[in-house]
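Worksheet for the structure shown next.
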Amino acid sequence: MLNEATALEGGFSNPVLNAQSVFRAVMDAMAKPATIVEVDAVVTPPSRLDRAAGAVACALIDTDTPFWLDATLAESTALRAWLTFHTGAREMATCGDVAFALVGAPQTMPPLERFAQGTQEYPNRSATLILQVPSLESGAPLTFEGPGIRDRVVLAPRGLPQDFAAQWKANRKRFPRGVDLILTTGDAIACLPRSARLVEMEG
Amino acid sequence: MNAHASNYNFAYLDEQTKRMIRRAILKAIAVPGYQVPFASREMPMPYGWGTGGVQVTASILGPDDVLKVIDQGADDTTNAVSIRKFFQKVAGVETTTSTEDATIIQTRHRIPEAPLQEGQVLVYQVPIPEPLRFLEPRETETRKMHALEEYGLMHVKLYEDIAKNGHIATTYAYPVKVEGRYVMDPSPTPKFDNPKMHMSPALQLFGAGREKRIYAVPPHTEVISLDFEDHPFEVQRFDKPCALCGAEQVYLDEVVLDDRGGRMFVCSDTHHCESRQAAGHRGEMSGEALS
Ligand SMILES: [Zn+2]
């Protein structure tokens, strides 16, 4: 049952300053990939969405950027109403050409290549995927290098697709085309811009 | 947070514009050196006054930031002062002339001499973002050249310089390659500053208002000035240290002292020069009255 009151509540209490502070956390995280950044998570979305994922959505999505929800999130009528109300954006039925995707169960999400990749001439016309994961620290460690990373950095997200390593390498190979990821859990995020290279570790 | 006039949007721009610019900034960071198109807005200052940089700063700025604005290395030029006042008025932010204390530094022409730090953001005001523009006026063509990584013409142009002058004559807006992929215009900074862009711990954002482009260099990113094996890239050298603070290996401006040809060379980075003088460093003209 859709509860109108729930949809109206739980957004930014100070839309201007909250959006700025959440954006700065995302910018910071995008500029230092695979590093965990705390978000001043100032929203309370319906239960299926973490506070950080909800805050990032409210800060970046609007009428110019249609979004897509994976099956897990789309099941929640309350969440769909909440996102539509707080972003003003249209929800799309398919994931192929949206600017943003919110994914509640990354393990079973469509392959990264199914989302907008941008073109060789306009690589910015690509999707940003907000992946909600159970943890950023207790999964199998992944080592990254590339712009924004001094030497190397390790991130250990749980709940990514089984073949994530292969998918991410293919994403990197499409550079400058490709998708960018914002991984979220609780009040924290870590970004994987398409420029981040996954390093094969020995043993 | 300081009080600011409530009849303005915070930082002047409306929220939808800021979101659009913020999304462009994130894409620019994800594809270092690539110029992201954006819908540039009219600002209450003419183009040429850094409207691109101002829009970038306005979109990232928060009440906890400390802003420094420089023009040709100086904090006290008309352009720098008016941009600083603008943000004091519309965002109520604290401003500074100190490179070390600033969280955001908006600049035209120079990168500060003091090394930048992790967490700082350097925002460049860019007049012409397209490094290939003088070779090819058509946007559709330059876009294709970037897409296909066709940078041969750029090398030919630099080599013609060498043939004509015995060295590469370009001293400002000297082209760089970012992370081995995109050729980028570092804006009209002197090539002296190019090495500071390489592996900088700060995030570098570039805004071109009239040309409606935003591009970025993330921290710790490779920025290499284009050159040739037999003619490697070199920065300008100055014969003497700064006449006021004695600094070497800094960028100097010529200052005319009188109408009889008297002149001296001093730090272009005024904050750097003043800090050194305050710390007791002296140059050959120290203590002499400037007329
Ligand atoms: Zn000096």
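Does A:T77 meet the test of being surrounded by 19 or more Cβ atoms within 10 Å (Cβ to Cβ) and of a type in the set (S, T, N, Q)?
So A:T77 does not fit the description; no.
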Problem set entry | Members of the stretch B:275-291 that are of a type in the set (D, E, K, R) and near the ligand (Cβ under 8 Å from one of its atoms) | B:R276
Exercise. Taking the stretch A:2-49 on its own, how many of its residues are more than 14 Å from chain B (Cβ to nearest Cβ), open to solvent by 40 Å² or more (accessible area, probe 1.4 Å) and part of a loop (DSSP other than H, G, I, E, B)?
Worked result: 8
For this session: Those residues that are open to solvent by 50 Å² or more (accessible area, probe 1.4 Å) and under 15 Å from the mean Cα position of the chain (by Cα), I need them from the stretch A:140-187; list them, please.
Result: A:R158, A:D187
Seminar exercise, completed: Within the stretch B:33-62, the residues that are modelled with pLDDT of 95 or more and either assigned to a loop (DSSP other than H, G, I, E, B) or of a type in the set (S, T, N, Q) (or both) are B:G33, B:Y34, B:Q35, B:F38, B:Q55, B:T57, B:S59, B:L61, B:G62
Seminar exercise, completed: For the stretch B:67-89, pairs from a residue that is part of a helix (DSSP H, G or I) to a residue that is among the polar types (S, T, N, Q) and open to solvent by less than 10 Å² (accessible area, probe 1.4 Å), with Cβ under 6 Å and 6 or more apart or across chains, are none
Exercise. How many residues does the stretch B:147-171 contain that are open to solvent by 20 Å² or more (accessible area, probe 1.4 Å) and within 14 Å of another protein chain (Cβ to nearest Cβ)?
Worked result: 3
For this session: Pull up the stretch B:41-65, narrow it to residues that are of a type in the set (G, A, S) and surrounded by fewer than 21 Cβ atoms within 10 Å (Cβ to Cβ), then point me to the one that is farthest from the other protein chains (Cβ to nearest Cβ).
Result: B:G48
Exercise. Across the stretch B:182-206, what is the total count of residues that are open to solvent by 20 Å² or more (accessible area, probe 1.4 Å) and either farther than 20 Å from B:F134 by Cα or hydrophobic (A, V, I, L, M, F, W, C) (or both)?
Worked result: 6
For this session: May I ask you to list the residues in the stretch B:10-32 that are part of a loop (DSSP other than H, G, I, E, B) and not hydrophobic (A, V, I, L, M, F, W, C)?
Result: B:Y12, B:D14, B:P32
For this session: Would you check which residues across the stretch B:207-260 are touching a Lys or Arg at 6+ places or on another chain (Cβ under 8 Å), more than 16 Å from the ligand (Cβ to nearest atom), open to solvent by 50 Å² or more (accessible area, probe 1.4 Å) and farther than 30 Å from B:A39 by Cα and list them?
Result: B:V256
Exercise. Looking at (1) exposed (fewer than 15 other Cβ atoms within 10 Å of the Cβ); (2) in a loop (DSSP other than H, G, I, E, B); (3) not charged (D, E, K, R), which is the one condition that is false for B:Y174?
Worked result: (1)
For this session: Please specify each residue of the stretch A:88-104 satisfying the condition of being without any contact (Cβ under 8 Å) to a residue 40 or more places away in the chain and assigned to a loop (DSSP other than H, G, I, E, B).
Result: A:G88, A:A89, A:R90, A:M92, A:A93, A:T94, A:C95, A:G96, A:D97, A:V98, A:A99
Problem set entry | Counted residues, the stretch B:156-171 - those being of a type in the set (G, A, S) and assigned to a loop (DSSP other than H, G, I, E, B) | 2
For this session: Being free of Cβ contacts under 8 Å to residues at least 40 places away in the same chain and open to solvent by 20 Å² or more (accessible area, probe 1.4 Å) is the filter; apply it to the stretch B:263-273 and report the residue that is nearest to the ligand (Cβ to nearest atom).
Result: B:F265
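Residues are listed down the side, and each one gets a yes or a no for (1) within 12 Å of another protein chain (Cβ to nearest Cβ); (2) acidic (D, E):
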residue: A:P123; (1), (2): yes, no
residue: A:S126; (1), (2): yes, no
residue: A:S135; (1), (2): no, no
residue: A:R158; (1), (2): no, no
residue: A:D163; (1), (2): no, yes
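Of the residues A:P161, A:P176, only one is part of a loop (DSSP other than H, G, I, E, B) and closer than 26 Å to B:R19 by Cβ; which? Break it down into steps so the answer makes sense when it comes.
On the way: A:P161 fails: closer than 26 Å to B:R19 by Cβ.
Of the residues listed, the single one that is part of a loop (DSSP other than H, G, I, E, B) and closer than 26 Å to B:R19 by Cβ is A:P176.
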For this session: State all residues of the stretch B:12-34 that are open to solvent by 20 Å² or more (accessible area, probe 1.4 Å) and more than 22 Å from A:I149 (Cβ to Cβ); if no residue qualifies, say none.
Result: B:Y12, B:D14, B:E15, B:Q16, B:R19, B:M20, B:R23
Exercise. Looking only at the stretch B:121-147, which residues are in contact (Cβ under 8 Å) with a residue 40 or more places away in the chain and either more than 14 Å from the chain's Cα centre (by Cα) or over 28 Å from A:R150 (Cβ atoms) (or both)?
Worked result: B:P127, B:I128, B:E130, B:P131, B:L132, B:H146
Problem set entry | Selection from the stretch A:183-197 of residues that are part of a loop (DSSP other than H, G, I, E, B), more than 8 Å from chain B (Cβ to nearest Cβ) and within 12 Å of A:G148 (Cβ to Cβ) | A:A196
For this session: Out of A:L181, A:L192, A:L160, A:L198, report the one residue that is touching a Cys at 6+ places or on another chain (Cβ under 9 Å) and hydrophobic (A, V, I, L, M, F, W, C).
Result: A:L181
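The values are calculated or read from the model by the stated rules, or taken from the named source; none is laboratory data. Just so it is clear, the structure is predicted and the values come from calculations on it, not from any experiment. Don't worry about glycine lacking a Cβ; one is built from the backbone with ideal geometry, like all the others, and counts go over all protein chains shown. Accessible surface is based on the protein model in full, side chains and every heavy atom, while ligands, DNA and RNA are left aside. Shrake-Rupley method; radii C 1.70, N 1.55, O 1.52, S 1.80 Å.
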